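Since the structure comes first, as structure tokens, the remarks are kept for the end.
The values are calculated or read from the model by the stated rules, or taken from the named source; none is laboratory data. Computed from a predicted model, the values in this text were never measured in an experiment. We place every Cβ from the backbone using ideal geometry, glycine too, and count neighbours over all the protein chains shown.
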Amino acid sequence: MPPRGGAAGAPRGGGWAPRRSFVGPNAPVLPVNKKKIFNDPVYGFVTVPTELLFDLIEHPYFQRLRRIQQLGLTGFVYPGALHTRFHHALGAMHLMQLALRTLKDKGVVVSAAEGEAALAAILLHDIGHGPLSHALETAIFQDVPHEQLSLFLMQRLNKEFGGKLDLAIDIFKGTYDRPFFHQLVSSQLDMDRLDYLNRDSFYTGVEEGRPGADRLIKMLRVVDERLVLEEKAVYSVENFLVSRRLMYWQVYLHKTVTSAEQMVIRTVQRARDLTRQGVPVPANSCLAYFLGRAVTLADFAADPKILSRFVDLDDYDIWSAVKGWASHPDVVLSYLAKSLLNRNLLKIVIAPVPFDDDFKLGIQELIAEHFRLPPAEAALLMLAGRLSNSAYDARSQEPINILTKKGEVVNVMDASDLPNIRALSQRVDKFYICYPKEII
């Protein structure tokens, strides 16, 4: 019988060490099989084609993504939306494999090194995401985009892996001299967007969000080292943009999701402000570090220890802290924390125009009266802002280009004979205000 806790000969700590094929003093040492297969509910079997990619997946920086939900607090509205950044990164890598295979079948030369680098770039593109995905990017840090943190972590991994990520980093940054690789990682029709629309629509059950990824990938071409789509893909692009517009209104910018996300942002902001005023606010050492100081992008670049603290931060730290804050003596912090834990969300009102100052002032006065708070603190329980939805940016430096049957490369907006794509390129703004239901 194998020893308790694992199969005979299995190394402790996972797949980093070699294993023996049988037990004995002269047993040969064989390398661990690192070409693994994941069973993904969206795509079926997802393969990890090289040992470098497997080692990146096994690394603690990447495993951390298991503890960061892809859609933040969207599970408050769609109970099935509990998938993680880990799932998304593997799915994006799978779509990248399909895209590269399609391009190679159409005569595009892609070396083994380029293919592995492109897969590594898309695998690691979200490795710098903070807790609850986008919700806390502005509550904890000051102008620190997750893309830059992803780059910092990729550069650190590159040192650990002896420079094996040089090309992947160039592709991620867009400095490689074959720009279509970067477009597959980051553009208006990249593998990132195709996966998150596919995956998020699957887990939320919003079928209208399916972007038709398979057909779009099959229509990819490369002209002058830039990514284009065949002309017959125009209507598939239109479907992709419609899906994106719908997913934003129905999922990402859903009014209840907006209320929940703004609440958790304000909760962390309140904890941050109290901490910096010298008021004790319970939090583990990692979260307390960021609550206690304003960390900028320059700080991350100057002090490697800050990045080390960042990779110890995940969703569990935030929720653990919120549970503790529910009993805090500060009325604003405890009210917001309790409300989040019990899903007693702020009422949200959406309007096509901004709310006027007199209306906001009236809301603040009602909050102050009900909770017996001074005006400055009452204002913290009223949240107002703007929701913007633009499915396609026609003026972007990275437009979606179509290769016509005449061999011309044109913007998809000019290639379609329907007005939909032009309409989808227009930004739609809505305005919201949130306040406690108790004041009504």
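Miscellaneous remarks
- Verdict on Leu124 being among the aliphatic types (A, V, I, L, M) and farther than 18 Å from Leu52 by Cα: no
- Criterion: without any contact (Cβ under 8 Å) to a residue 24 or more places away in the chain and of a type in the set (Asp, Glu) - qualifying residue of Glu207, Glu261: Glu207
- Selection from the range 101-127 of residues that are of a type in the set (Asp, Glu) and outside any loop (DSSP other than H, G, I, E, B): Asp105, Glu114, Glu116
- Apart from one condition, Pro211 fits all of (1) part of a loop (DSSP other than H, G, I, E, B); (2) over 30 Å from Gly107 (Cα atoms); (3) not charged (D, E, K, R); the exception is (2).
- Only one of the listed residues (Glu238, Glu231) is in contact with a Lys or Arg (Cβ under 6 Å, 6 or more places away or on another chain) and more than 26 Å from Glu137 (Cα to Cα). That residue is Glu231.
- Hits in the range 324-374 - residues which are of a type in the set (Val, Ile, Thr) and in contact with a Pro (Cβ under 9 Å, 6 or more places away or on another chain): Ile367
- Unmet requirement for Ser320, which otherwise passes all of (1) closer than 29 Å to Ser388 by Cα; (2) surrounded by fewer than 16 Cβ atoms within 10 Å (Cβ to Cβ): (1)
- Filter result for Phe54 (more than 22 Å from Asn198 (Cβ to Cβ) and without any contact (Cβ under 8 Å) to a residue 60 or more places away in the chain): yes
- Asp126, sole failed condition from (1) within 19 Å of Thr84 (Cα to Cα); (2) surrounded by fewer than 22 Cβ atoms within 10 Å (Cβ to Cβ); (3) touching a residue at least 60 places away in the same chain (Cβ under 8 Å); (4) among the charged types (D, E, K, R): (2)
- Residue match in the range 168-177 (condition: crowded, with 19+ Cβ neighbours inside 10 Å, in contact with an Asp or Glu (Cβ under 7 Å, 6 or more places away or on another chain) and part of a loop (DSSP other than H, G, I, E, B)): yes
- Residue among Gln142, Gln155 that is over 24 Å from Glu398 (Cα atoms), surrounded by fewer than 22 Cβ atoms within 10 Å (Cβ to Cβ) and modelled with pLDDT under 95: Gln142
- Of the strands (runs of 3 or more DSSP E) lying entirely inside the range 334-440, those containing at least 2 residues that are under 31 Å from the mean Cα position of the chain (by Cα) and more than 24 Å from Arg244 (Cβ to Cβ) are 347-351, 383-389, 428-435.
- Close contacts from the range 230-247, counting a first residue that is within 13 Å of Leu424 (Cβ to Cβ) and a second that is in a helix (DSSP H, G or I) and β-branched (Val, Ile, Thr), with Cβ to Cβ under 6 Å and a gap of 6+ residues or different chains, come to Val237/Val412; Glu238/Ile421.
- Taken over the range 321-333, residues that are over 28 Å from the mean Cα position of the chain (by Cα) and touching a residue at least 40 places away in the same chain (Cβ under 8 Å) amount to 4.
- Residues in the range 68-106 that are under 21 Å from Arg343 (Cβ atoms) and either touching a Lys or Arg at 6+ places or on another chain (Cβ under 9 Å) or hydrophobic (A, V, I, L, M, F, W, C) (or both): Ile68, Gln69, Gln70, Leu71, Leu73, Phe76, Val77, Ala81, Leu82, His83, Thr84.
- Matching residues in the range 64-97 - criterion: being among the hydrophobic types (A, V, I, L, M, F, W, C), in contact with an Asp or Glu (Cβ under 8 Å, 6 or more places away or on another chain) and either under 21 Å from Glu147 (Cβ atoms) or free of Cβ contacts under 8 Å to residues at least 24 places away in the same chain (or both): Leu65, Ile68, Leu71, Ala89, Leu90, Ala92, Leu95
- Of all residues in the range 189-196, one or more are assigned to a helix (DSSP H, G or I), in contact (Cβ under 8 Å) with a residue 40 or more places away in the chain, surrounded by 19 or more Cβ atoms within 10 Å (Cβ to Cβ) and touching a Pro at 6+ places or on another chain (Cβ under 7 Å).
- In the range 58-69, of all residues being part of a helix (DSSP H, G or I) and touching a helix residue (DSSP H, G or I) at 6+ places or on another chain (Cβ under 7 Å), the one that is surrounded by the fewest Cβ atoms within 10 Å (Cβ to Cβ) corresponds to Arg66.
- Pick from the range 32-56, criterion surrounded by 15 or more Cβ atoms within 10 Å (Cβ to Cβ) and hydroxyl-bearing (Ser, Thr, Tyr), ranking: farthest from Lys164 (Cα to Cα): Tyr43
- Residue match in the range 386-393 (condition: surrounded by 14 or more Cβ atoms within 10 Å (Cβ to Cβ), of a type in the set (Asp, Glu), modelled with pLDDT under 90 and out of contact with any strand residue (DSSP E or B) (no Cβ under 6 Å at 6 or more places or on another chain)): no
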